[in-house]
Every structure is written in C-alpha cells, then in structure tokens.
Amino acid sequence: MIWMAIPLFSYSEDYLWWNIKHGWEPGKPGWRNFMHITPGYLGPNALSVPEVKKGVVQQGSNLEFGLDFHFRNGDPTQDISAKYYRSFAEGKIAIELYGVVAEHYAMSDFVRDERISRDFDGKGFANGDLYFATLVQLVKGRKFPDTMVRMAGRTASGNQLEGARYSDYPGYFFDFSFSKSYAGRNEKISFLPFASFGFYSWQTNDELNLQNDAFMYGLGTDMKWLHWTISNSLSGYSGYKNERDKPMVYTLDLKHQLANKTIRLQYLHGLRDWTYRTVKLSLILNLQKQ
C-alpha cells in the first residue's frame, strides 16, 4: 500500500496531473496565464460585488465581525470577516477597512478543473484581500438627494491563487450614491430609496489587456421601524471581457439596533456570474455614538 501511495503523492505534488488535464507542455506560458481572473471563475470573496452605499456618511465608529456561509454546488465556502469604520469632521468624511480574515473551502473536481485550479484535492484554507475606502459627503440636507462619493482600493493580500480562491492582483473602484428619506403616515416608519453608479477596475493576467474595467451600479430601498431596518437592493458590475465578469446580486439586509450594538442578518442571491447563495450573520459593536 505504501508503494502504491508514493506515485499518487508525487502525481499530485509535482502538478503532473494538472499538466495532463489542461494540456500544458514545456515551452507554453506559465500556469497563471491559463486562469480566468473574473468573479465567475474564482471563490465567492475574490471579486465580489461591493456593498451598495446609501448617499450618507454615518457618524461614529464601529467594529463589525461576521460569519459568512456561501452555498453553491461544488464549492461550499465558510469564512470569518471583519470591518472597521470611523467618521471624521462631523460626519463629512469616513474611512473603512475590511476583508476576509479566514476562509474554508471544499471544491468538487468539476469546479476545480473548470477554474483551472492547481489545488489537487480542492480543499483547504485561505485568507482574503484587504479593502480600504474613503467616504466623502458631497450633499446632505438639501432639496437635492443626499450624495456621497466612495473611493476604494483592494490589495493583493489574499492567497491561494493556485486554488482559484483569490486573484493575487490589486484593484480599485469608486462610486457616487444618492438617497432621499420619506416619512410614512406613521412617524415611526420611514423609507429611504437609494441608488449608485460608479467604476470598478482590476488587474488581470491578460498580457494584451492588463486590466478589466466595469460599470458598477446599485439601487434599493430601506424601511425603518423603531429599532429595525430592512433593506432590499440589486447591485453588480459589468466587465467588458465576457468571461463571467458581469456579476449581479440581490441582497436582503435586516438590522436590529440594541443599546451599543447591532445584530445584522443578510441574504445574498447571485443572479448572474457570481452564482452563490450566501447567508451572513454579523455583530456590529458601536464604539462611538452615532
């Protein structure tokens, strides 16, 4: 049995299986050139659709910790995420730092081969990219809708490119978001329609087109009642390469405000290219009064 296991171990370790599967031979481009750096060919956290903003810089600071469960045939994934938020200048400017701390994945052979992954068993752990963003309030409390601009960057800190989990390339995006609050007949209820548009760009492995550029969009509405907020939104972005680079996501977001913390439950349903069904459970610790 040991004698039989040695060739199998070597077969997986020296990537001979990958060379045969994908027809690689000496002299051909490296394995990175075979992969697709798009949301449809990577893990759920690699090039996910950014959260839709709502035209307002919230005052205060908080820490958010989340447990995320991504469901998809052939790639069930679980991760721990974290976010830090802090506003300055009486709510005119804010910063965000967020990302996936740790991710566990288990790909089927079909998904592994479709993504041209070199992770032989398709199972393991990864850490995610770090995002950093600056939010600036442009208009607030006028006849014109509240308006905010977000400028964000993404590092290449995520590992496991061989496992097709993260891109190992940087990116950035910026967008403008708008909203207008309306009170219901019952003063305890209010509605907040919101929309956004912007631009998303990320580096790829295509030597002729080193980056993919995308139009980014989002729209939705909030309903607030006492300490509860329920939000529905549709968001996504559209790359130009037509390689599963046009993800679209529906998001249901439920928040319950307590004394100094907020409990948050989200459901994300991938409608195009990003094909996961995701449940996120988060605890937000309010460090400063909002």
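Just rank His70, His256, fewest to most, by other beta-carbon atoms within 10 angstrom.
Ascending Cβ contact count within 10 Å gives the list His256, His70.
Here is the link list: Lys21/Lys241; Lys143/Lys188; Lys54/Lys143; Lys83/Lys123. Which ones come out longer than 18 Å on Cα distance?
Cα-Cα > 18 Å for Lys21/Lys241; Lys143/Lys188; Lys83/Lys123; rest within.
As a test of the definition: which semi-axes, in Å, follow for the chain when you take the square root of five times each eigenvalue of its alpha carbon gyration tensor? Largest first, please.
40, 20, 16
Can you give the direction-averaged projected area of the convex hull of the alpha-carbon atoms in segment 73-200, in nm²?
Its Cα hull, projected and averaged over all orientations, spans 10.8 nm².
Using only the Cα atoms, what convex hull volume per residue in Å³ does segment 8-82 have?
182 Å³
Which value at 222 nm does the chain reach when only helices count, each DSSP H run of 4 or more adding -39,500 (n - 2.57), with the total divided by all residues and rounded to the nearest 500 deg cm²/dmol?
One gets -2000 deg cm²/dmol as the mean residue ellipticity at 222 nm.
Using every pair of alpha-carbon atoms in segment 138-271, split the distances into 10 Å bins beginning at 0 and state the percent of pairs per bin, rounded to integers.
11, 29, 34, 18, 7, 1
If the chain between Leu210 and Val136 were fully stretched, how many nm would it gain, using 0.36 nm times the residue separation less the Cα-Cα distance?
Full extension of this stretch gives 23.7 nm more.
Figure the gain on full extension for Asp121 and Phe88 (residue separation times 0.36 nm, minus the Cα-Cα span) and round it to one decimal in nm.
7.2 nm
Kirkwood hydrodynamic radius, computed over distinct alpha-carbon pairs, for segment 1-155: how many Å, to one decimal?
18.9 Å
If Rh is defined by the Kirkwood formula over all Cα pairs and Rg also comes from Cα, what ratio Rg/Rh do you get for segment 195-256?
Result: Rg/Rh = 1.18.
What length, rounded to one decimal in nm, is gained on full extension from Tyr267 through to Leu287, with 0.36 nm per residue of separation minus their alpha-carbon distance?
Stretched fully, the Tyr267-Leu287 segment lengthens by 4.6 nm.
Each reported figure results from applying straightforward, stated rules to the coordinates on display, with no laboratory input. On a predicted model such as this, the values are computed, not experimentally measured, just so you know. With ideal geometry, Cβ positions are generated from the backbone for all residues, glycine too; neighbour counts draw on all protein chains shown.
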